[in-house]
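Single-structure report; data block below.
The values are calculated or read from the model by the stated rules, or taken from the named source; none is laboratory data. In this text, all values refer to a predicted model and were calculated from it rather than measured experimentally. Please note: Cβ atoms are built from the backbone with ideal geometry, for glycine as well, and neighbour counts cover all protein chains shown.
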Amino acid sequence: MRIKKYDFNYGRRALMEKAAKGVFATGVLTPLWPLIARGDNLAKAYPDELVSIEAYTKGKVKPGDAITADNVDVVKDLLDPIAYQQVKTMGRRIIIVPPTTDITKMFNHDFLEATLKNKGKSKFDATGNVVYEDGGPWRGGTPFPDPKDGKEALFNITLSWGRHDYSLYAIRDWDIQPSGDEAYHYDFVWAELNTTARADGQVFNGMKDMLRLQSVWFTSPQDTAGTSFLSQWYYDQRKFPELYGYLPAFKRVRQFPTNQRFEPLVPGITFFLSDAWSSGDPLLTWGNFKTIGRQPMLGAISQNWKGSLPNWERPRHGGGKGKTFLDTYMELIPECIVVEAEPVGYPRAPVSKKRVWIDVRNNMYVSSITYDRRGEVWKSFETGSGQFVDGNAVFKDTSGHPAWSWTHVLVHDIQSNRMSILAHVREVKGGYQTTFNMDGDVVNKFFTVQAMQRLGAA
Amino acid sequence: MLSFRYRIASWTMHHRRVVAAVFALTTLGFAGGLRNVELKTIFSDLLPKDDPFVQVFKDHPNFGNPLTVTLMVKRKDGDIYNAETLSKVWQITRDIDLAPGVDHDQILSIATEKARYAEATPFGVDVKPLMEDHAPSTLEEIADFRARVDKSPNARVFLISGDATATLINATFIEQHLDYGEAFKYVHALVQKYSDAHHDVYLAGQPALTGWVYEYESQMFTIFAVTLGALVLSLAFYMRNVVGIVTPIVTSLVAAIWGFGFVGWLKSPIEPLLMVVPLLLVARSFSHCVQFTERYYEIYSHVKDRVKAAEITMGVMMAPSVLGIFTDIVGIFLIAIAPIPAMERFALFCGFWAIWLIPTGVILISLLLAFLPAPRNVDKLIGRGGDSGVHRIIKAVLRSVARLSYGKPARITAAVVVLAGAFAVYSALQIKIGNPVEGSNLLWDKSEFNTAVRQINRHFPGVNTLEIVFEGKGSGDGDRVMHQADTVLTMQKLQSLIEHSPAPPRATLSFADYLMEGNRLFSGGDPRWMPLDPTDTGVNAAAQAIMLGSSAKAFSNVVDFEQVNGTVSLWFKDNKQDTVDAALANARRAVEQVQIDHKNFRIRLGTGTIALQQAMNNVVHEYHWVIIGLLNLVILLGCSFAYRSFVAGFILLIPVNLANFIIQASMHLMHIGLDINSLMVAAIGVGVGIDYGIYLLSRICEEYHGQDRDWGRTLTASLTTTGKAILFTATIMFIGILPWYFLSALKFMADMGLLLVLTMLINMVLALVVLPLLVFLFKPSFVGRKDLLVGEGVDLSAFTASEPELADAL
């Protein structure tokens, strides 16, 4: 039983005061990270109304309830503006689940270990990049568990997007028209290999000047199958990644302008490279980082992995044809840091800024919004994540522990009202399956120009 | 026994408080609809809905760039390859991305990433923007930029003019976020900001046109106020008493409330471009009220009882008023036969407004006259004691005019009328359909918009397009018909046939052109690789090549987002009717040659400005004579019934139709074609113009008895009395409508105003000259009858007697 020591608004007031005073320690009642280090209940760091949706809404919403157009105004402050519109006007339904209080369910095992191990050992070098205390590349985990500002908060995401040293995601994509009809449908694979900032603390294959290798290849439909992209990220976050595209029909590699990051990879998708993980560009190509507040938030951070369903695919609902939204489960996140940044390194950017809501407990973003240059809301990038456990169904990572990863992304261009749904599934056409186990020479298999050509030929 | 109309008049006056209450409540009811009144130009509603071209346009609204604005930056003293001009283009491109409602994915200029050039490299293909992350500023950068442009064939045709002095910036808006007024204001401000001594900036495109129309429509309220003010002033000048001024204003205002309120309740938007016609109705209502009131004064001066005078006036004036308004109603409602939604809505609005003129112009006005204090200067108002000043001159002129219609001069007049009529009919029948303007017919030739269109046409393939749509049959989900060999190869064949036709377009463009360019680039850059491999695999490969790393919207000018439908765009040098006819004939021939129906798609001709212009012409061609014919028939039946003689119907219709022919003949001689404006004016001209004839013919019937069946005296008396009223009515119409010609920046409104004024004037002249002439020549027997529905005759001396005697008199 929890004792209600504080008045109802204490938690929200405390978060606002922290933001106003520039106090960046996470937690309200007690600092968060000592609790995490002790493996204690995360809820102890916050008063009731920041942990319990029932308390927050004064009983109007409780776990098990659905947020619909009828009651969304009760939780309007807990949603990003596009998610609110989706529920209010497009028939989206969000199921509320109990809060996560166990930190181990919010990280994959190795990454949490690395975060705890390397806590306090990060610093900025003269170029503005984050390095380990010895000046070498960062050695894994979030470099700033208690981020002091927006830049540190975003570095926590940028240095290791998927939080596994190697990930291969099988992704099913549906691109929905304003009418609710499907315009495009793709199966593709997204692979990430961190060469530095790895949880194992190593530098992969001696590539210390690189941060990651990342590739995407499409497996369906037939006319797109084999089309692939390779992106090579430098460790120096001032540099643009190299970007190559490959067209199997011509057996030609096309090099893209390195700063062309506000265009979709293939037609129909609303997702730009710049959107990936809410931090799709080298961090120092953006600027004017600001922390604009701290707040509780509803986020899809647990129970969205449905391993018990065929191919992990969740049903869809809402929109004009009942296909625009994946069934989504959200819980009350007690404290999100709200960060803004501007694309200062892109003179042609159609974006004026992005706003990112980051859960301070695992420093993973929950959602982000990009604004056009008029300052109007343009696109949302809402991501679900969580531990891959669904009843008896468990999907394990390379350490043998239940995996933690992203489960879905909804990319909604609210201006043209086009939606892309990216679902993290077990397997896509072509036989590629999601895995976090680095099996064999993945570099030559997935991360070179020659590899792209082989993938296209297959 | 009182006749039916006098019984209505008597009942109304005996229950005038109840009737007044009914009017008040009805007016309140209609006023409730005013809050829903919406003045709105719906451009697609200006197109005929059943035309095959319009159906293609509605099925594929994105082809022909209806949501795209085009800015052209023109360097006046050299080419664009200098730091100042290129910097301007860069900045405009950035600024237009800030326009409200713009689609950030669909901005195209030489400064955007979408304008690219490609080079084959040892590793593959390197595709880069023409411009780096800044506008070229040094000589070296400018030279490099120029070299890149040379490697981008599409940029050289569609973004930079052949003489390199001009370049385009295109921005497409998102329909559901586009506020035309707001977007136009923003983009037009850019035109002003970036024009200078060395540069002209021109703005065109459908959103710009809409913006201009909205901008000018806001002027409409001023013109409306000016013309209404002028009408009221002329009324005050003519009547010079409270009753004479208040009565027409209140009556017309109530009719207007009913007219607007009715469409408000129906939630049917009113087309502002046609607002000249409601003003014609206001003028019509004013002039009707003036005649009604003058008759009331006449009767009042005899009976000295304003309620009784109002009752008698109502009884006397009811039939001719209803007949006059009936013809207006028929004229307006028959416009709805033309299957143009804006015209249908307009006919509903104005037709019912005209209907409301019956209760207000017959009953309400009588109530007002009964309630309002009688003027003290009645004797002066009715001219007792002799005419003075202007009235005397007018009467003298009218007497001379009357002289043309009887006796010996009638023969000469008849000969002149026959000759002039024959010439008018012959010339009118030569008139061409269509009235092409380079740009938009809604605006003046010298308007900023039409100037911009001319300039863009001069430097680029232009805006006169014909779109031939390739429509996928939707055989399966994800079936990208535009990626199939049959589709693309048919497009190429069609382009080739049209390009080699006797009157080829300036340029053609289809998805196939982009595919060939993609094929060339990804095959190593050699132009010999441009031809596509004629297989589904080869075409799809080229499609994937150009779509890689792009939004589907980047090609929305040639294929839709789903890549199921596409278009072959043909650009023509102008939109003159000869060009349009040749373009359509060539396109039809070519489409037949490549076959309309294919396994996965069908070819539809077509949309774009050329096809839509033809659609409007088709309506005029098909419906002009149908509407005029039906109008003649209905009016013939109505008037024949009222005068109990078909001869009367013919006598009334001959002058109005002659007026119509004269207008058309004049237009033909001035090289103006028949268009939708003239179609409307013709219908209204017959409907409203015939009123003059009805007034005069009724008076002739009345005077015939009073003037001892002497035709000369009858015609002279009719012209010097009712003729004067007709002159006044025509003046009121003139004041109400002519200012639109001078004040409106919208040529469409101005033209309609001018045509209406001319029609009314010609109708007036013909009513005063030809109608009496016809009566004199035919000497119809109905003139001698005393039981005509429209007879205005009444023995006023009876009203000084007792009630039973009065009943006998009626």
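Whether any residue in the range B:643-665 is β-branched (Val, Ile, Thr) and farther than 30 Å from B:VAL783 by Cβ is what I want to check. No, because not a single residue in the range B:643-665 is β-branched (Val, Ile, Thr) and farther than 30 Å from B:VAL783 by Cβ.
Going by the conditions given, is A:GLY268 more than 14 Å from chain B (Cβ to nearest Cβ) and touching a strand residue (DSSP E or B) at 6+ places or on another chain (Cβ under 7 Å)? No: the conditions fail for A:GLY268. Selection of the range B:160-199 for residues being surrounded by 19 or more Cβ atoms within 10 Å (Cβ to Cβ) and assigned to a strand (DSSP E or B) yields B:ILE160, B:ALA166, B:THR167, B:LEU168, B:ILE169, B:ASN170, B:ALA171, B:THR172, B:PHE173.
Within the range A:291-324, the only residue that satisfies the criterion of being touching a His at 6+ places or on another chain (Cβ under 8 Å) and either surrounded by fewer than 15 Cβ atoms within 10 Å (Cβ to Cβ) or of a type in the set (A, V, I, L, M) (or both) is A:ALA300. For the range A:1-47, filtered to residues that are acidic (Asp, Glu) and in a loop (DSSP other than H, G, I, E, B), the residue that is modelled with the lowest pLDDT is A:ASP7. Scanning the range B:261-301 for residues that are among the polar types (S, T, N, Q) and closer than 19 Å to B:ASP328 by Cα, which turns out nearest to the chain's Cα centre (by Cα)? Among those that are among the polar types (S, T, N, Q) and closer than 19 Å to B:ASP328 by Cα, it is B:SER285. Of the candidates A:ASP149, A:ASP173, the single residue that is surrounded by fewer than 24 Cβ atoms within 10 Å (Cβ to Cβ) and within 21 Å of A:THR435 (Cβ to Cβ) is A:ASP173.
Condition check: in contact (Cβ under 8 Å) with a residue 60 or more places away in the chain, surrounded by fewer than 15 Cβ atoms within 10 Å (Cβ to Cβ) and not assigned by TED's automatic domain parsing to the domain that holds B:LYS553. Does B:ILE8 satisfy that? It is false that B:ILE8 is in contact (Cβ under 8 Å) with a residue 60 or more places away in the chain, surrounded by fewer than 15 Cβ atoms within 10 Å (Cβ to Cβ) and not assigned by TED's automatic domain parsing to the domain that holds B:LYS553.
For the range A:215-247, the candidate set comprises residues that are in contact with a Leu (Cβ under 7 Å, 6 or more places away or on another chain) and hydrophobic (A, V, I, L, M, F, W, C); within that set, the residue that is farthest from B:ALA545 (Cα to Cα) is A:TRP233. Whether a residue is at pLDDT 85 or above, farther than 30 Å from B:PRO48 by Cβ and part of a helix (DSSP H, G or I) was assessed, and B:TYR695 does not pass this test.
With the condition kept exactly as written, say whether any residue in the range A:134-152 is of a type in the set (A, V, I, L, M, F, W, C), more than 14 Å from chain B (Cβ to nearest Cβ) and under 18 Å from the mean Cα position of the chain (by Cα). Yes: one or more hits. Going through (1) modelled with pLDDT under 80; (2) surrounded by 15 or more Cβ atoms within 10 Å (Cβ to Cβ) one by one, A:VAL75 falls short only on (1). Please name all residue pairs, on different chains or six or more residues apart, with Cβ atoms under 6 Å, provided the first residue is in the range B:246-274 and is on the phi < 0 side of the Ramachandran plot and the second residue is modelled with pLDDT of 95 or more and of a type in the set (Asp, Glu). Close Cβ pairs (under 6 Å, with a partner that is modelled with pLDDT of 95 or more and of a type in the set (Asp, Glu)) do not exist here. Where helices (runs of 4 or more DSSP H) sit wholly within the range B:260-359, those with at least 1 residues that are touching a Phe, Trp or Tyr at 6+ places or on another chain (Cβ under 6 Å) and closer than 30 Å to B:TYR216 by Cα occupy B:276-303, B:341-358.
When you check B:ARG156 against the structure, is it over 16 Å from B:ILE96 (Cβ atoms) and away from every other protein chain (no Cβ under 14 Å), yes or no? Yes, satisfied. Every test in (1) assigned to a loop (DSSP other than H, G, I, E, B); (2) touching a residue at least 24 places away in the same chain (Cβ under 8 Å); (3) at negative phi is passed by B:PHE145 save one, and that test is (1). Scan the range B:33-49 and tell me whether some residue there is under 30 Å from B:GLN613 (Cα atoms), acidic (Asp, Glu) and either assigned to a helix (DSSP H, G or I) or in contact with a helix residue (DSSP H, G or I) (Cβ under 6 Å, 6 or more places away or on another chain) (or both). For the range B:33-49, residues under 30 Å from B:GLN613 (Cα atoms), acidic (Asp, Glu) and either assigned to a helix (DSSP H, G or I) or in contact with a helix residue (DSSP H, G or I) (Cβ under 6 Å, 6 or more places away or on another chain) (or both): present. Would you check which residues across the range B:148-159 are outside any helix (DSSP H, G or I) and in contact (Cβ under 8 Å) with a residue 40 or more places away in the chain and list them? Scanning the range B:148-159 gives a single hit, B:LEU159. So how many residues does the range B:520-532 have that are at pLDDT 85 or above and within 9 Å of chain A (Cβ to nearest Cβ)? Total meeting the criteria: 0. If a residue has to be more than 8 Å from chain A (Cβ to nearest Cβ) and part of a loop (DSSP other than H, G, I, E, B) to count, how many in the range B:112-142 make the cut? Count: 10. Give the range A:358-381 a look and list any residue that's surrounded by fewer than 24 Cβ atoms within 10 Å (Cβ to Cβ), closer than 30 Å to A:GLY27 by Cα and of a type in the set (Phe, Trp, Tyr), or say none. Of everything in the range A:358-381, just one residue is surrounded by fewer than 24 Cβ atoms within 10 Å (Cβ to Cβ), closer than 30 Å to A:GLY27 by Cα and of a type in the set (Phe, Trp, Tyr), namely A:TYR371.
Under 7 Å between Cβ atoms, which residue pairs at least 6 apart in sequence (or on different chains) link something in the range A:238-261 that is more than 8 Å from chain B (Cβ to nearest Cβ) with a partner that is of a type in the set (Asp, Glu)? Pairs that qualify, where the first residue is more than 8 Å from chain B (Cβ to nearest Cβ) and the partner is of a type in the set (Asp, Glu), are A:THR258/A:GLU242; A:ARG261/A:ASP281. Please tell me if B:ASN557 is surrounded by 22 or more Cβ atoms within 10 Å (Cβ to Cβ), at pLDDT below 85, closer than 30 Å to A:SER228 by Cβ and of a type in the set (S, T, N, Q). The answer is yes for B:ASN557. For the range A:283-316, a tally of residues being without any contact (Cβ under 8 Å) to a residue 60 or more places away in the chain and among the basic types (Lys, Arg) returns 0.
What do you reckon, is A:VAL339 of a type outside the set (D, E, K, R), assigned to a strand (DSSP E or B) and either within 29 Å of A:PHE262 (Cβ to Cβ) or modelled with pLDDT of 95 or more (or both)? It is true that A:VAL339 is of a type outside the set (D, E, K, R), assigned to a strand (DSSP E or B) and either within 29 Å of A:PHE262 (Cβ to Cβ) or modelled with pLDDT of 95 or more (or both).
For the range B:84-102, does any single residue satisfy the condition of being part of a strand (DSSP E or B) and either touching a strand residue (DSSP E or B) at 6+ places or on another chain (Cβ under 7 Å) or not small (Gly, Ala, Ser) (or both)? Within the range B:84-102 (the criterion being part of a strand (DSSP E or B) and either touching a strand residue (DSSP E or B) at 6+ places or on another chain (Cβ under 7 Å) or not small (Gly, Ala, Ser) (or both)), the answer is yes, since at least one residue qualifies.
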